[in-house]
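The values are calculated or read from the model by the stated rules, or taken from the named source; none is laboratory data. On a predicted model such as this, the values are computed, not experimentally measured, just so you know. Here Cβ is always computed from backbone atoms with ideal geometry, including for glycine, and neighbour counts include all displayed protein chains. Ligands, DNA and RNA are excluded from the accessible area calculation, which covers all protein heavy atoms including side chains. Shrake-Rupley method; radii C 1.70, N 1.55, O 1.52, S 1.80 Å.
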Amino acid sequence: MGDWIPREEWVKTQPQALVASCVMLLDDQDRMLLLRYGPGQAGASGTWWLPGGMVDDGENPWPAARREMREETGIRLGAEPCLIGIDHRVDVLGTGPVVDYFFAARRPAGRQIRLSAEHDRHAFHDPDDLPDRLAAHGRTLTALHAAALTGRAVYLQEGMPV
């Protein structure tokens, strides 16, 4: 029989990864929505990033992105996904690998942003006018913004365009 093992045993030997989903919400001037993490956000307080978060067990990335957007901003997105990027990070704060999915959407006309308790500020920014304290690389946001405008997805490694 050689080195064959049952599939359920083999699967346990494979790498595990966390999955996250974010949304780049653009306004009518093509500026991106960034949220600032509020006090008590374990190392992230005062930093800015896109709405998003971890994918729940059994959840797909696009529904997770829609859920996170609704929870963090009060904005409900439509059903059609627009994937603009995927990032693979080898280790995030000691948790191991993380795969991030990035989606683009347009701000629905007349919709106001209602922040969750996780964030204390929001603002729409151009790629050349980003806040000083970002949760990750500014080049990541610039590449994702270009992808959102062109409809061509970008592949990232460790948050940097490849």
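Remark on LEU134: its backbone amide H falls under 5 Å from those of TRP48, a criterion applied only to residues 5 or more positions apart or on other chains, H modelled at 1.01 Å from N. Tell me, rounded to the nearest percent, the portion of alpha carbon pairs in region 79-162 spaced more than 15 Å apart. Here the long-distance tail beyond 15 Å is 66 percent of all Cα pairs in region 79-162. The stretch between VAL19 and ALA117, if pulled fully straight at 0.36 nm per residue, gains 33.0 nm over its current Cα-Cα span.
The phi torsions of region 9-17, fed into the Karplus equation with coefficients 6.51, -1.76 and 1.60 and a -60° offset, translate into couplings of 7, 4, 4, 4, 8, 7, x, 10, 9 Hz, rounded to whole numbers, with Gly and Pro shown as x.
Where (1) 0.92; (2) 0.97; (3) 1.03 are the candidate values, the label of the one calculated here for Rg/Rh (Cα atoms, Kirkwood Rh) is (3).
In this structure, the amide hydrogen of VAL19, modeled 1.01 Å from its nitrogen in the peptide plane, lies closer than 5 angstrom to those of VAL55, VAL99, counting only residues at least 5 positions away or on a different chain. Here the translational diffusion coefficient of region 1-67 follows from Stokes-Einstein with Rh set to the Kirkwood radius across Cα pairs; for 20 °C and 1.002 mPa s it amounts to 140 µm²/s. Each Lys or Arg adds one and each Asp or Glu subtracts one; over the other residues with Cβ under 13 Å from the Cβ of VAL90, this totals -3. With helices as the sole contributors, the chain gives -5500 deg cm²/dmol at 222 nm; each DSSP H run of n ≥ 4 counts as -39500 (n - 2.57), and the sum is divided by every residue.
Solvent-accessible surface of protein heavy atoms, probed at 1.4 angstrom with all chains present, puts ARG121, ARG114, ARG70 in the order ARG114, ARG121, ARG70, largest first. Within the accessible area of region 69-111, what % is carbon and sulfur when the probe is 1.4 Å and the other protein chains stay in place? Summing carbon and sulfur atoms, their accessible area is 56 percent of the total for region 69-111. Compared with the dominant Cα axis of the chain, that is its longest principal axis, helix 138-150 is turned about 80°. Taking amide H atoms as placed 1.01 Å from N in the peptide plane, the amide H of HIS119 lies under 5 Å from those of GLY38, each 5 or more residues away in sequence or on another chain. The residues packed around LEU130, meaning those with a beta-carbon under 11 Å from its beta-carbon, carry a net charge of -1 if Lys and Arg are +1 and Asp and Glu are -1. Calculated accessible area for region 35-96 comes out at 50 Å² per residue, all protein chains present (probe 1.4 Å; ligands, DNA, RNA ignored).
For the chain, the longest principal axis of the C-alpha atoms and the axis of helix 61-73 are separated by about 40°.
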